[in-house]
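All remarks here apply to the structure that follows.
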Amino acid sequence: MKQTVQTLQEKKLRGEKISMLTCYDYSTAKLMDSTGLDMLLVGDSLGNVILGYEDTISVTMEDMIHHTAAVARGAKQAMVVADMPFLSYQTSVYDAMVNAGRLMKEGRAGAVKLEGGQVVTEQIQAIVNASIPVVAHLGMTPQSVNTLGGFKVQGKSLEAARKLLADAKAVEEAGAFAVVLECVPEKLAALVTKTLSIPTIGIGAGAGCDGQVLVYQDMLGMFSDYQPKFVRKFADAGTLMRDAFLLYQQEVQNGNFPAKEHNFAISDDVMKQLEQEELQ
Ligand code: KIV
């Protein structure tokens with residue numbers, strides 16, 4: 001069954017958890033989609049884990065469209081959510097609508113995600129009015145790393161917690177159908193989850209959220225530049241992949257690969273004729 005805004009809302013009402021992972025390419029999307037994951041997020045974290053930047057600031061609309069289209073081709077049942085990259089929506093409501101539209105039309109996303117609370121409610125309203133579902137993103141918002149002073153837990157003081165709760169209410173009011181809470185104390189995230197009628201999806205925000213999201217390279221142990229505290233390694237695919245790359249390198253070097261069964265045949269008559277022609 002294809003996941004929609006409505007099926008995800010019903011999950012919250014039934015108290016069923018929503019599962020989301022980041023995804024950036026077709027073959028991974030097919031694998032993830034076959035497991036029944038509810039949502040695939042083409043996160044601008046692709047700037048870190050795919051493109052090797054130290055933050056998400058340099059990610060472009062072209063990067064996002066390119067990867068969203070690949071994921072959308074592989075996802076038949078999961079909802080594909082595309083991140084709006086830095087300065088694709090903060091600059092104006094017009095920019096926000098044009099760029100959200102491109103992620104839908106060219107990337108074939110099912111929804112877009114943008115960072116921020118009260119400051120982006122006009123953008124959220126306009127995008128939703130254009131019939132594009134919006135996921136909001138609060139707490140540690142990586143596009144604001146330069147004003148937040150680093151990748152830190154958000155909402156710990158009374159003032160900051162009040163602000164986060166007010167932002168959550170504002171994005172719901174503006175029409176967002178879900179909100180990602182990143183690096184938020186678990187009790188505050190649980191209160192936000194209880195207060196809102198739309199689903200919350202946590203990353204470093206505890207089990208009280210309506211759903212969870214992780215960057216897949218983190219949960220597979222494929223990314224070693226840094227390891228956030230909230231990540232659980234569900235498999236050590238990084239070691240598995242490295243071992244396979246090493247074995248391949250060795251087998252090519254020592255001539256064991258390719259073997260007979262990997263080769264294509266040609267008739268001896270054709271070869272004999274060809275060799276004779278070469279000798280003349
Ligand atoms: O870009 C991303 O991967 C995200 C998740 C961390 C929620 O926004």
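Among the residues of the stretch 117-146, write down those that are within 16 Å of Val81 (Cβ to Cβ) and assigned to a loop (DSSP other than H, G, I, E, B). Ser131, Ile132, Pro133, Thr141, listed by residue number. Residue count for the stretch 71-103 satisfying the condition of being crowded, with 20+ Cβ neighbours inside 10 Å, over 20 Å from Val213 (Cα atoms) and not charged (D, E, K, R): 7.
Restricting to the stretch 208-232, and then to whatever is assigned to a loop (DSSP other than H, G, I, E, B), at pLDDT 95 or above and under 17 Å from the mean Cα position of the chain (by Cα), can you tell me which residue is farthest from the ligand (Cβ to nearest atom)?
Filtering the stretch 208-232 down to residues assigned to a loop (DSSP other than H, G, I, E, B) leaves 208-210, 215, 220-232.
Still in the list and also at pLDDT 95 or above: 208-210, 215, 220-222, 230-232.
When the remaining residues are screened for being under 17 Å from the mean Cα position of the chain (by Cα), the result is 215, 220-222, 230-232.
Working: Val215: 5, Leu220: 14, Gly221: 17, Met222: 14, Phe230: 10, Val231: 11, Arg232: 15 Å.
In this case the residue turns out to be Gly221.
Being within 14 Å of the ligand (Cβ to nearest atom), modelled with pLDDT of 95 or more and part of a loop (DSSP other than H, G, I, E, B), is that true of even one residue in the stretch 260-280? No, the stretch 260-280 contains no residue that is within 14 Å of the ligand (Cβ to nearest atom), modelled with pLDDT of 95 or more and part of a loop (DSSP other than H, G, I, E, B). Residues in the stretch 31-41 that are more than 8 Å from the ligand (Cβ to nearest atom) and hydrophobic (A, V, I, L, M, F, W, C) were compared, and the one that is surrounded by the fewest Cβ atoms within 10 Å (Cβ to Cβ) is Leu31.
Pairing residues of the stretch 154-176 that are in the same structural domain as Leu138 (by TED's automatic domain parsing) with residues that are open to solvent by 100 Å² or more (accessible area, probe 1.4 Å) and in a helix (DSSP H, G or I), at Cβ distances under 8 Å and at least 6 apart in sequence or on separate chains, gives Gly155/Lys163; Ala174/Glu122; Gly175/Asn129.
Go through Thr22, Thr28 for me and flag whichever is surrounded by 17 or more Cβ atoms within 10 Å (Cβ to Cβ) and either closer than 18 Å to Ile201 by Cβ or more than 16 Å from the ligand (Cβ to nearest atom) (or both).
Values: Thr28 fails: either closer than 18 Å to Ile201 by Cβ or more than 16 Å from the ligand (Cβ to nearest atom) (or both).
Criteria check complete, one pass: Thr22.
The values are calculated or read from the model by the stated rules, or taken from the named source; none is laboratory data. Computed from a predicted model, the values in this text were never measured in an experiment. As a convention, Cβ positions derive from the backbone with ideal geometry for all residues, glycine included, and neighbour counts pool all protein chains shown. The accessibility values were calculated without ligands, DNA or RNA, using every heavy atom of the protein model including side chains. Shrake-Rupley method; radii C 1.70, N 1.55, O 1.52, S 1.80 Å.
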